[in-house]
Amino acid sequence: MTLDLVLVGFGNVARRFVRLLDERGDELRRAHGLECRVVGIATRRHGSACGLSGLDALAAAAAVEAGGPVAPVSPAEDATAFIQRIAEGRRAAGAANPLVMVETTVLDVRSGRPAIDHVRAALGAGAHVVTANKGPVAFAFDDLSGMARAAGLGFLFEGAVMDGIPLFNLAARTLPAVGIAGFRGVVNSTTNYIISAMEEGREFGAALAEMQAAGIAEADASLDVDGWDAAAKAAALANVLLGARTTPLAVERTGIGGIGGEAVRSAVARGRRIKLVARGRRGPCGPRVSVGPEELPAGDLLAGLRGQQNAVILETELLEDLAIVQLGGGLTQTAYALLSDLVALRSALRGPL
């Protein structure tokens, strides 16, 4: 099976993704009978390119990294209009391959847009959706997943919370008849790195600058430091795992901006550790979701996370607590999440979605 891909957003993650498709192409063909070809690329700053018979995505990635456009003739075009144009062109040409939008645009943590609009446009045009963007899941999961189901299309988002770690697939595909009552976790790499650095006697600002230089922290530091990124991930987890209809704006949120090195080191001296913890739990009035600093006993799994490490602990109704830990993250892990969602989609297309 060949999947035709429209890439909306062509930043670091998307460019790593197209290279990963090339690197793993033989394995995808051999083990999964899957071919992927890029037929469209839409960016905010580097123009757009369309080729219904396929584009050279590797060349486009190199061109963007050299400071140029995705193609020699790259007009600026609204992404939703671009998706619709490609879908209409394929229908006119009688294209048979499934169309998939791969969405990796920058998150607006206060609205979830324009990613939500991109997903709606893709589903409305008959395209499956794979995204690493937290916005659609954190702000509009119920609506978008219902739209996808009604159209018989896939809406996959494994990379939205823990990069390539199969958190959502773990719950959806490997825990049949196991209810999830709640979760807690450390889900923001930047704040965990800053806290770990302060435990070692380093300064808050210096640690944050290191994360920004590495391309891990958000350019707007408040999104990490004030807990917005963690709130978006907590909302996504609650919406998918607990059936909530919440958004990051409704999450009880406290960041780490008010925590200094002295407080962090004092906790360590007392056999405890401060972590920015995301929590969600079912309740009589619906799930309650929060993000905030907590002092944890040193023996708590979350307390042992160092540097950029993340983890989520699922509180289940039959199997007690299950933990999934990410010891390393980065572009490759997030790009892999997109690839793994394509494999899952290819499997689903063998039968009902």
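The values are calculated or read from the model by the stated rules, or taken from the named source; none is laboratory data. Just so you know, these numbers come straight off a predicted model, no measurement behind them. Note: ideal-geometry Cβ built from the backbone for every residue, glycine included; neighbour counts use all protein chains shown.
Among residues of the stretch 63-77 that are without any contact (Cβ under 8 Å) to a residue 40 or more places away in the chain, those with a beta-carbon under 8 Å from a residue that is polar (S, T, N, Q) at least six positions away or on a different chain give the pairs Ser74/Ser48; Pro75/Ser48; Ala76/Ser48; Glu77/Ser48. Residues that are over 22 Å from the mean Cα position of the chain (by Cα), at pLDDT 95 or above, outside any helix (DSSP H, G or I) and among the hydrophobic types (A, V, I, L, M, F, W, C) within the stretch 260-309 comprise Ile274, Leu296, Leu301, listed in sequence order. Report whether or not Ala219 is over 19 Å from Leu302 (Cβ atoms) and without any contact (Cβ under 8 Å) to a residue 12 or more places away in the chain. Spelling it out, Ala219 is indeed over 19 Å from Leu302 (Cβ atoms) and without any contact (Cβ under 8 Å) to a residue 12 or more places away in the chain.
Give the stretch 224-252 a look and list any residue that's assigned to a loop (DSSP other than H, G, I, E, B) and touching a strand residue (DSSP E or B) at 6+ places or on another chain (Cβ under 9 Å), or say none. Within the stretch 224-252, Asp226, Gly227, Leu242, Ala244, Thr246, Val251 qualify.
Considering only the stretch 90-138, state which residues are in contact with a helix residue (DSSP H, G or I) (Cβ under 9 Å, 6 or more places away or on another chain) and on the phi > 0 side of the Ramachandran plot. Gly112, Gly126, listed by residue number. Would the stretch 284-305 turn up any residue that is assigned by TED's automatic domain parsing to the domain that holds Glu203, more than 23 Å from Thr174 (Cβ to Cβ), small (Gly, Ala, Ser) and in contact with a helix residue (DSSP H, G or I) (Cβ under 8 Å, 6 or more places away or on another chain)? Within the stretch 284-305, one or more residues are assigned by TED's automatic domain parsing to the domain that holds Glu203, more than 23 Å from Thr174 (Cβ to Cβ), small (Gly, Ala, Ser) and in contact with a helix residue (DSSP H, G or I) (Cβ under 8 Å, 6 or more places away or on another chain). Candidates are the residues of the stretch 10-36 that are in contact with a strand residue (DSSP E or B) (Cβ under 6 Å, 6 or more places away or on another chain) and touching a residue at least 40 places away in the same chain (Cβ under 8 Å); the one that is farthest from Ala219 (Cα to Cα) is Cys36. For the stretch 209-223, the tally of residues that are assigned to a helix (DSSP H, G or I) and loosely packed, with under 13 Cβ neighbours inside 10 Å stands at 1. From the list Gly67, Gly40, the lone residue that is of a type outside the set (A, V, I, L, M) and exposed (fewer than 14 other Cβ atoms within 10 Å of the Cβ) is Gly67. Tell me, yes or no, whether the stretch 82-99 has at least one residue that is surrounded by 14 or more Cβ atoms within 10 Å (Cβ to Cβ) and under 20 Å from the mean Cα position of the chain (by Cα). No, because not a single residue in the stretch 82-99 is surrounded by 14 or more Cβ atoms within 10 Å (Cβ to Cβ) and under 20 Å from the mean Cα position of the chain (by Cα). Checking each residue in the stretch 1-36 for being surrounded by fewer than 21 Cβ atoms within 10 Å (Cβ to Cβ) and in contact with an Asp or Glu (Cβ under 6 Å, 6 or more places away or on another chain) picks out only Thr2. Scanning the stretch 255-275 for residues that are in contact with a helix residue (DSSP H, G or I) (Cβ under 8 Å, 6 or more places away or on another chain) and free of Cβ contacts under 8 Å to residues at least 40 places away in the same chain, which turns out surrounded by the most Cβ atoms within 10 Å (Cβ to Cβ)? Checked the stretch 255-275; the qualifying residue surrounded by the most Cβ atoms within 10 Å (Cβ to Cβ) is Arg272.
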